[in-house]
Amino acid sequence: MNPGFSWNLVTDVQWMWSLPSMVNAFRAGLAVALLAGVVGWFMVLRRQSFAGHSIAVTGFPGAAAAVYLGLSATLGYFGFCLGSALVIALLSRGSGTGVGERAHSSALIAVVQAFALALGALFLDLYGGFLSSTSAFLFGDFLGITDEDVLTLVAVALVVLLTMALIGRRLLFASVDPAVASARGVPVRGLNILFLLVLGATVAEVSKFTGSLLVFALLVMPAATAQVLTARPARSLLITIVLGVLVTWFGLAWAYFGNQATGFTITSLAFGCYVLAYAARSARGVLLRPAVTA
Amino acid sequence: MFHDSYMLTALVAGTGIALACGLVGYFLVLRAQVFTGDALSHVAFTGALAALAFGIDLRVGLFASCVLIAVVFGALGRQGRADDVVIGNVFAWVLGLGVFFMTLYTTNQSGSSGSGGNQTVNVLFGSILGLSSGQATVALAIGLAVSLAVLLIARPLLFATLDEAVAGARGVPVRFLGYAFLVLIGVTAGEASQAVGSMLLLGLLAAPAGTALLLTDRPFVGLAVSAVLGVFDVWVGLAVSYFVPNTPTSFWIMAVAAATYAAAVAYSRISRRFPRSTTRPAASVTSVASS
């Protein structure tokens with residue numbers, strides 16, 4: 001089935017794509033990277049990585065509970081991710097940006113995450129142990145994707161991207177300067193709640209492919225890399241998406257030919273890009289500094 | 001209940017771990033470094049699975065990875081506090097590495113059916129009831145040592161937390177304290193992961209501390225409340241799991257912790273709606289921190 005990697009890249013790709021599951025993985029990878037890139041870009045900009053990570057992790061008990069009760073895992077992912085997003089959005093004090101407020105809201109986020117994971121442990125136990133399906137909830141299963149999965153993914157992606165297109169400008173304003181935005185009549189708190197719900201829907205959908213633990217990598221890594229490279233919003237959003245798609249595709253190919261888990265290959269490539277971007281910016285800073293002072 | 005020796009060892013280990021988590025967690029929440037704790041709980045997963053994959057003692061992997069990454073976080077940030085985005089990137093990748101070690105470990109273990117999966121569950125969700133009495137004594141000793149260390153640096157650390165600039169100007173070694181605290185978090189994370197698992201470590205760090213912060217604005221009272229609550233959560237959780245068989249202990253510990261926190265949230269909402277006195281306290285922890 002897997003002929004191994006040869007240096008003839010064309011035949012490699014032909015071999016890889018002769019499998020329907022690999023073609024679906026590449027299709028899903030495109031949609032997943034696009035979705036996670038756009039939402040993750042705002043998450044990184046708004047410094048809501050912790051909230052995003054917690055909401056992502058709550059998908060795991062959702063899926064475990066759904067499977068234990070005989071429902072579809074998708075229902076569990078969406079129920080728990082949207083539910084925890086709502087709890088975090090409604091119970092956080094104020095905008096959650098001041099240091100004192102951040103202490104309270106971060107404690108809240110941590111408790112939501114830890115309790116959700118404890119529920120996950122409970123359902124795992126009731127379910128009868130760590131089976132391959134529970135492993136997929138945590139670490140993902142990029143290679144068992146059906147045509148139907150791709151269609152629902154595209155549908156969710158369209159809804160989420162449309163919502164982001166509608167609120168994007170105001171959300172950017174509210175993220176960069178909440179005080180001024182609020183004075184200009186932008187509903188900062190409402191946007192925060194809406195954004196967290198969009199984030200919840202995104203991680204619920206993406207988790208089906210990447211697993212609850214690794215969805216966060218796709219959210220944070222391409223966006224962080226792009227924001228290191230440039231401060232201009234449109235350009236860095238574009239870099240995020242392109243980088244996300246490339247990293248996912250190359251990660252899939254590496255996983256296929258190297259017999260590795262996709263979680264490892266995709267995060268390693270994305271982290272490599274981040275480190276390179278960081279090093280490039282530091283190097284540029286060191287090189288430019290004497291010129292500025294002179 | 002105490003006739004069963006495993007309950008006693010769990011209680012001894014749990015007390016030490018809860019005490020350390022309560023004290024460290026209070027500063028973690030106050031310094032808005034909860035995300036660091038979150039990250040370390042995933043680092044612990046990778047460390048443990050790396051140790052399993054290479055066939056060395058689990059504890060070596062746990063402590064080495066947690067302390068090392070904690071210090072790396074310090075080095076990457078200003079004054080020993082790393083940026084959320086940097087933390088997120090580093091630990092997302094470390095988690096990816098964890099998956100790599102998990103694949104390595106479970107494929108090597110494939111001969112003996114399912115033990116790889118069971119070990120993975122233990123790493124993720126802990127097995128406080130499976131500790132030996134020797135491990136429990138070590139857990140208690142490490143817990144007490146961490147608690148003592150936190151209490152020793154509590155005053156300057158509090159100063160450095162609430163007003164970094166003034167503390168620095170007064171000669172408080174802000175940077176050094178930041179690193180010392182990160183090492184303490186790392187040690188606590190490594191120890192607690194063995195008992196409650198890498199996934200629930202965060203709850204034990206943040207829930208008692210978050211509750212204490214809601215109940216009182218006075219820092220040293222809060223520190224004490226946080227430690228007491230941590231021990232309370234673990235004790236009640238252990239007791240409940242003893243009487244409700246076939247449910248994971250970690251779940252009950254977290255359920256008690258989350259219930260206590262929810263009660264505190266409700267209490268603070270009600271007391272803010274109906275204030276007891278019209279005069280506001282002159283300087284509360286959170287108001288100083290947010291100014």
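Structure data summary
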item: Chain A: DSSP helices with Cα axial extent of at least 20 Å and average Kyte-Doolittle hydropathy no lower than 0.0; result: A:20-45, A:73-91, A:99-127, A:147-176, A:188-210, A:215-229, A:233-258, A:262-293
item: Accessible-area value, A:T267, 1.4 Å probe, nucleic acids and ligands omitted, Å²; result: 0
item: Minimum 20 Å² accessible area buried by the other protein chains, the range B:181-212 residues, probe 1.4 Å, relative to alone; result: B:M199, B:L200, B:L202, B:A206
item: Whether the range A:152-294 is rounded, prolate or oblate, judged on the alpha carbon gyration tensor where a/c under 1.5 counts as rounded; result: oblate
item: Cα-based shape type of chain A, given that a ≥ b ≥ c are square roots of the gyration tensor eigenvalues and the cut on a/c is 1.5; result: oblate
item: 10 Å Cβ neighbours from other chains, averaged over peptide B:31-37; result: 6
item: Carbon/sulfur fraction of accessible area - the protein assembly as shown, other protein chains in place, 1.4 Å, %; result: 68
item: Buried solvent-accessible surface, both chains (A, B), 1.4 Å probe, Å² to nearest 100; result: 4500
item: Extreme residue, positive dipole direction of the range A:9-285, given options A:A56, A:A204, A:A183 (C-beta unit charges); result: A:A183
item: Largest to smallest accessible area among A:L90, A:L75, B:L229 [probe 1.4 Å]; result: A:L75, A:L90, B:L229
item: Charge dipole (the protein assembly as shown, unit charges on Cβ, about Cα centre) - positive-most of B:V72, A:A253, B:N108; result: B:V72
item: Solvent-accessible area per residue for the range A:9-285 (1.4 angstrom probe, square angstrom); result: 39
item: Net charge of Cβ neighbours under 12 Å - reference B:Q135; Lys, Arg +1; Asp, Glu -1; result: -1
item: Residues of the range A:243-276 buried by at least 50 Å² on assembly (accessible area, 1.4 Å probe, chain alone as reference); result: A:F264, A:F271, A:Y274
item: Normalised contact order of chain B, rounded percent, pairs of Cα under 8 Å and 6 or more residues apart; result: 31
item: The range A:103-216: C-alpha gyration tensor shape, a/c 1.5 cut-off, then a/b vs b/c; result: oblate
item: Cut-off under 5 Å, modelled amide H: who pairs with B:S198 long-range; result: B:L124, B:F125, B:G126
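The values are calculated or read from the model by the stated rules, or taken from the named source; none is laboratory data. The model shown is predicted, which means the values in this text are computed figures rather than measured ones. We place every Cβ from the backbone using ideal geometry, glycine too, and count neighbours over all the protein chains shown. Note: accessible area is taken over every heavy atom of the protein model, side chains too, but ligands, DNA and RNA are not part of it. Shrake-Rupley method; radii C 1.70, N 1.55, O 1.52, S 1.80 Å.
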